[in-house]
1. Assess whether A:L307 counts as being touching a residue at least 60 places away in the same chain (Cβ under 8 Å), assigned by the TED database to the domain that holds A:L639 and closer than 24 Å to A:S7 by Cβ.
2. Looking at region A:119-147, which of its residues are closer than 13 Å to A:A187 by Cα and within 11 Å of DNA strand B (Cβ to nearest atom)?
3. Suppose we keep only residues that are within 13 Å of DNA strand C (Cβ to nearest atom) and over 16 Å from A:L178 (Cα atoms) within region A:388-411. Which one would you say is surrounded by the most Cβ atoms within 10 Å (Cβ to Cβ)?
4. Within region A:263-296, how many residues are assigned to a helix (DSSP H, G or I) and either in the same structural domain as A:T34 (by the TED database) or among the hydrophobic types (A, V, I, L, M, F, W, C) (or both)?
5. Residues of region A:371-388 being touching a residue at least 12 places away in the same chain (Cβ under 8 Å) and within 14 Å of DNA strand B (Cβ to nearest atom), which ones?
6. Give me a count of the residues in region A:564-604 that are without any contact (Cβ under 8 Å) to a residue 60 or more places away in the chain, near DNA strand B (Cβ under 9 Å from one of its atoms) and surrounded by 23 or more Cβ atoms within 10 Å (Cβ to Cβ).
7. So A:C444 clears everything in (1) crowded, with 20+ Cβ neighbours inside 10 Å; (2) under 35 Å from the mean Cα position of the chain (by Cα) except one condition, right? Which one?
8. In region A:392-415, how many are among the charged types (D, E, K, R) and either within 16 Å of DNA strand B (Cβ to nearest atom) or touching a strand residue (DSSP E or B) at 6+ places or on another chain (Cβ under 7 Å) (or both)?
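The values are calculated or read from the model by the stated rules, or taken from the named source; none is laboratory data. All values derive from a computational prediction rather than experimental measurement. Note: ideal-geometry Cβ built from the backbone for every residue, glycine included; neighbour counts use all protein chains shown.
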Amino acid sequence: MNDLLDSLNPEQKAAVTLGEKSALILAGAGSGKTRVLTSRIAYLLQSDMAYPSEILAVTFTNKAAKEMLTRLSTMMPVNVRAMWVGTFHGLCNRMLRLHHNEAGLPASFAILDQSDQLSAVKRIMKANGISDEEFKPREVQNYINRCKEEGLRAKDAPINFQRGSAFREIYDLYEKILIREGACDFAELLLRSYELLKNHPLILEHYQNRFHFILIDEFQDTNKLQYRWIKLLSGIGEPGRRPNSVFAVGDDDQSIYAFRGANVGNMQDFVREFKIGEPIRLEQNYRSQGNILDAANGLIANNSQRLGKKLWTEAGEGDKVRVYSAPSDVDEAAYVVDTVKEYADLGTPYKEMAILYRSNAQSRVLEAEFTRRGIPYSVYGGLRFFDRAEIKNAISYMRLAENTADDSAFLRVVNLPARGIGAKTIETLINFAGDNGISLYDACGYAKGAAAAKLEVFRAIIEDLREKKDELPLSKFVDYTVEKSGLKEMYELDPNGSERLENLRELTSAATGYVDAEAIDEEDEEESVRDENMTALQGFLSHASLEAGENQAKADQDAVQLMTVHASKGLEFNLVFITGLEDGLFPHGNSMGSNKDLEEERRLMYVAITRARKNLYITLAERRMLHGTTRYSSQSMFLRELPEENLKWLSKPGYTDSDDSDDYSSGGSGYGFARGSKFSRRGSSDWSNNNYRESGRTYNSNMPEWAKGILGGKLEKQQENKIRAKIDNGSPYKSGDRLLHEKFGAGTVLSTKGVGEELVLQIKFDRSGVKDLLYRIAKKKISDL
DNA sequence: CTCGGTCAGTTTTTT
DNA sequence: ACTGACCGAG
């Protein structure tokens, strides 16, 4: 116990030894957050304040959960089994499997990941004659998820001014179909679990009485629904109940998931609703050298919405942050790899080096360069194992064996390998199933003619798998599925299929590994981890959807780590490169419209900087190939926000620390590329309009003067057209006009709002009620009456 | 009706 | 480079 506390600084110790009151710990980057969390759990157990079964710990990633348990086991012998530790999604899944009846789900409900969900949305839109040009499936998906995160079912979902009620109607259809299929998307796991607790007082009470200590990591990244889930479990505000202790750890400066519904406001709400006096601030940084930390502090000071926190370190100043501007993305990659080589020669292990980028697309050039130079690297994230097509195919067969109503899985593999079941048969099937409210699988039984025989072949395969799933051990079943489905043969015949076969073999190992891990967990424990009603197959399928990431296998090899900035959160390296510091890329172009989004980008940059322990390099390219286009950009506004005194500008590769002769200063103005660059921009810091795009091939050198003129002209013209469109209302309909819509029938225009692209008609339809329709979209569907 | 080939548009980040 | 749409052959 003393060992446990002695190694902590006063603030950390204060946090760890808190009583049962709820608390908020503001833990800056590198301030020992994970340590505080695990020490807190160890403290609760060692001081007999809690039994393991009273502890509920929520982490942001599965990896963090695993790490917490590993660290805890090294601190003390602990009955890990009895605690509930995992992500919100993992814990909700666990709860739903246990109470699936009360939650209104079949025992074998499927989990749809992001891409499954997107195809489901597309499918439903198609089946209902809604074109994906009219409403982008991705936007519909976002809308549905946003609604669920707000706790809203389709009937309560908001109508959007621009799109009328169309999104809500799709959501409604989606909701019904998922219930029929017995499938849950990610957000549904949370919402259903929340509703389960809300609607079943006895179940809620059971968990409230059990989890006296609730710990939450990365609290700044929780969404509103997750907060409400926690609030419910804590029992706060319930008369006559002593609320459970909620120990929330977070850092508002590292909130980078707002795009996914994360709500930093949860921190303020938590302080208010749980009556937290003053949060405990952990500001001493044990990770980075002074210059790196000062750069991070300087940058984040530009954000307005902050709880306020300033990191400090006892470590020395260290080296300045190096900034290197390359003429092109290829040169940038070459510079990075050269520098990696230099550090490696001086003794830094490859795995202590990380290359960070804003978007996945940037990894390609870097990978090419690493490959060319023969330096080991491993890409973190990117395409995950369980996201690979061949793996998803095999998993889909298993999902069908588990739950034949899983239409997503059905559609993926019904004709894979090809069995002569084409688009027409499937369309007929979808219509029949839709009209009769049955699954596609069940609809097969009603097929007629030639299609019937072909569908029967598929059905026979699934029926066979259904029998075998209970007979065979999991890994044997995986093998059997790959064989029986015909996938094995298909990839054997494919000249490029060997890697895919290899991956399928790895799926078998993954299954073996999964079963073994569960067995070890259960060894010394009378209470099974896997809940009584979850079979190994169900567990494995959940695992495939929820833990689709974490390339753990590669972790021990000595390789340079390539990853997005998002993926780097929580990690640290001796040497870090942050690449692509160009306006439009970082901050990303889609985020430069609003200050709120821009502040999130800045936090992202803050996260990136604070990954570095000893050395940090920031690089950028004046020209870059992206999506088959060469784009020219100016330097990121974030570079100008970094304190000058912490930076050192470099130019050409081959630079060494002791040689200052090619040291380029960015100069007093702080704008533009390094002095000497043909691309220096002077004067205005207006970043909204200085990316030039031209489709076609790469230029040999910097963009010629004449091209700038022409392209600039094009942009002006476009702008002009936009403005013109805005001035001109151009509504072909006035209030009182009658019109005919192909879906909603006849109606009367009540009013028009907006102009040009934004023109919205409010129409009272004779049979479908009042709707707001965006004219730009509706015009294809309406005619005069 | 199905299949395999070609072509265009594409992506910011992820449990 | 990965997917979805389209087209002509069987």
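1. On the way: touching a residue at least 60 places away in the same chain (Cβ under 8 Å): yes; assigned by the TED database to the domain that holds A:L639: yes; closer than 24 Å to A:S7 by Cβ: no.
So A:L307 fails the test.
2. Result: A:Q141, A:N142, A:N145.
3. To start, the set of residues in region A:388-411 that are within 13 Å of DNA strand C (Cβ to nearest atom) comprises A:388-393, A:408, A:411.
Next, only the ones that are over 16 Å from A:L178 (Cα atoms) stay: A:388-393.
Values: A:R388: 19, A:A389: 12, A:E390: 19, A:I391: 20, A:K392: 19, A:N393: 22.
So the residue we want is A:N393.
4. Our first condition is that a residue be assigned to a helix (DSSP H, G or I); within region A:263-296, this holds for A:265-273, A:290-296.
Next cut, either in the same structural domain as A:T34 (by the TED database) or among the hydrophobic types (A, V, I, L, M, F, W, C) (or both) only: A:265-273, A:292-293, A:295-296.
Counting residues in region A:263-296 that are assigned to a helix (DSSP H, G or I) and either in the same structural domain as A:T34 (by the TED database) or among the hydrophobic types (A, V, I, L, M, F, W, C) (or both) gives 13.
5. Residues satisfying the conditions are A:V379, A:Y380, A:G381, A:G382, A:R384, A:F385, A:F386, A:D387.
6. The total comes to 1.
7. (2)
8. Step one: of region A:392-415, the residues among the charged types (D, E, K, R) are A:392, A:399, A:402, A:406-407, A:412.
Filter once more, keeping what is either within 16 Å of DNA strand B (Cβ to nearest atom) or touching a strand residue (DSSP E or B) at 6+ places or on another chain (Cβ under 7 Å) (or both): A:392, A:399, A:406, A:412.
The total comes to 4.
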